[in-house]
Amino acid sequence: MIEDLFARNRVWATERKAEKPDYFERLSKLQQPDYLWIGCSDSRVPANVITGLEPGEVFVHRNVANLIHPADLNMLSVVEYAVHQLGVRHIIVCGHYGCGGIRAAVNEERYGLIDHWLQPVREAAEQAFECRGCNAWTDSELDRLCEASVAAQVKRLARTPTLQAAWQAGNNVAIHGWVYGLKDGLLADLGCTVTGLLGNVTDKSTPNG
């Protein structure tokens, strides 16, 4: 089964070179993305595929439920490198409907370490929705919670020293909150873009519970 991956890789590489003989030579020299994508680890949401971008055109960080943790050195290192070294112009925090992490955060089961990781989702639920018992969430309400969580992560990222310093230095990088629909393959802008120091927030979405 593992060998199948190598076989598919060879087919893919051969097809790319047949289309463009210099494809890999050009790609090896290309690492100037305009976009940093912070998305969910879900295998159904590959950033460059759903945005129609080529490898090298988007810098990617993924974790369960696309969360921003102030102590997550992995994520913070990616953001700092993207902003200060690669010079990305847009950071996209993208959630997706039907997210298992969102559902796990508010049901009554316990999963171990990931329960701690999902705490920001529960915080978003407490802030944006009326109190409700575990497992009382409909699919529609979970989708609204997904949207609320993305908006909250945009604000969390905007408060990090990396972004605050970038804006203080005149960097015009923007943070966007998007959501992806597994059932239709479409991206939607949630209207919670942050374009500068805190206070300069475009927030068109007010999730209701």
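Placing a pseudo-label 7 Å from each Cα along the Cα-to-Cβ vector at Asn74 and Leu113 gives an inter-label distance of 0.9 nm. Overall, the ratio between the Cα radius of gyration of region 11-85 and 2.2 N^0.38 Å, rounded to two decimals, is 1.28. Straightening the chain between Asp189 and Ser43 buys 50.5 nm, computed as 0.36 nm per residue apart minus the Cα-Cα spacing.
Given an 8 Å cut-off on Cα distances and at least 6 residues of separation, report the relative contact order of the chain as a percent. Averaging sequence separation for qualifying contacts and normalising by length gives 19 percent for the chain.
Solvent-accessible surface of region 27-72, taken per residue with a 1.4 Å probe and all protein chains present: 49 Å². Rank Val79, Gly98, Thr193 by how far each Cα sits towards the positive end of the charge dipole of the chain (+1 on Lys, Arg Cβ; -1 on Asp, Glu Cβ) and give me just the farthest. With unit charges placed on the Cβ atoms, the residue in question is Val79.
For the chain, the Cβ-based charge dipole about the Cα centre amounts to some 360 debye (Lys, Arg positive; Asp, Glu negative; other atoms uncharged).
Say the dipole of the chain comes from +1 at the beta carbon of Lys and Arg and -1 at that of Asp and Glu; which of Leu30, Gln119, Gly177 then lies farthest toward its positive end? The listed residue farthest towards the positive side: Leu30. In region 93-169, the ratio of gyration radius to Kirkwood radius, Rg to Rh, stands at 1.04 when only Cα atoms are counted. Only protein atoms count toward the accessible area here, which uses a 1.4 Å probe; on the chain, the carbon and sulfur part of that area reaches 52 percent. Quick one: 3J(HN,Hα) in Hz for region 142-158, Karplus 6.51/-1.76/1.60 with θ = phi - 60°, rounded, Gly and Pro as x. Result, ordered by residue: 5, 5, 5, 5, 4, 4, 5, 5, 4, 4, 5, 5, 4, 5, 4, 5, 5 Hz.
What the Cβ-Cβ distance of Thr14 and Asp34 gives, at R0 = 30 Å and to the nearest 0.05, is a FRET efficiency of 0.55. A simple spin-label model places pseudo-atoms 7 Å from Cα toward Cβ; at Glu3 and Glu54 they are separated by 3.4 nm. The charge dipole of region 62-168, taken about its Cα centre with unit charges on the Cβ of Lys, Arg, Asp and Glu (plus for the first two, minus for the last two), comes to roughly 360 debye.
How large is the Rg to Rh ratio of the chain when both quantities use alpha carbon positions and Rh follows Kirkwood?
Radius of gyration over Kirkwood radius for the chain works out to 1.01.
3J(HN,Hα) along region 62-70: 9, 8, 5, 6, 6, 9, 10, 10, x Hz, from the Karplus curve 6.51 cos²θ - 1.76 cosθ + 1.60 with θ = phi - 60°, whole Hz, x for Gly and Pro.
The values are calculated or read from the model by the stated rules, or taken from the named source; none is laboratory data. A quick note: this is a predicted structure, and the numbers were derived from the prediction, not measured. We place every Cβ from the backbone using ideal geometry, glycine too, and count neighbours over all the protein chains shown. The accessibility values were calculated without ligands, DNA or RNA, using every heavy atom of the protein model including side chains. Shrake-Rupley method; radii C 1.70, N 1.55, O 1.52, S 1.80 Å.
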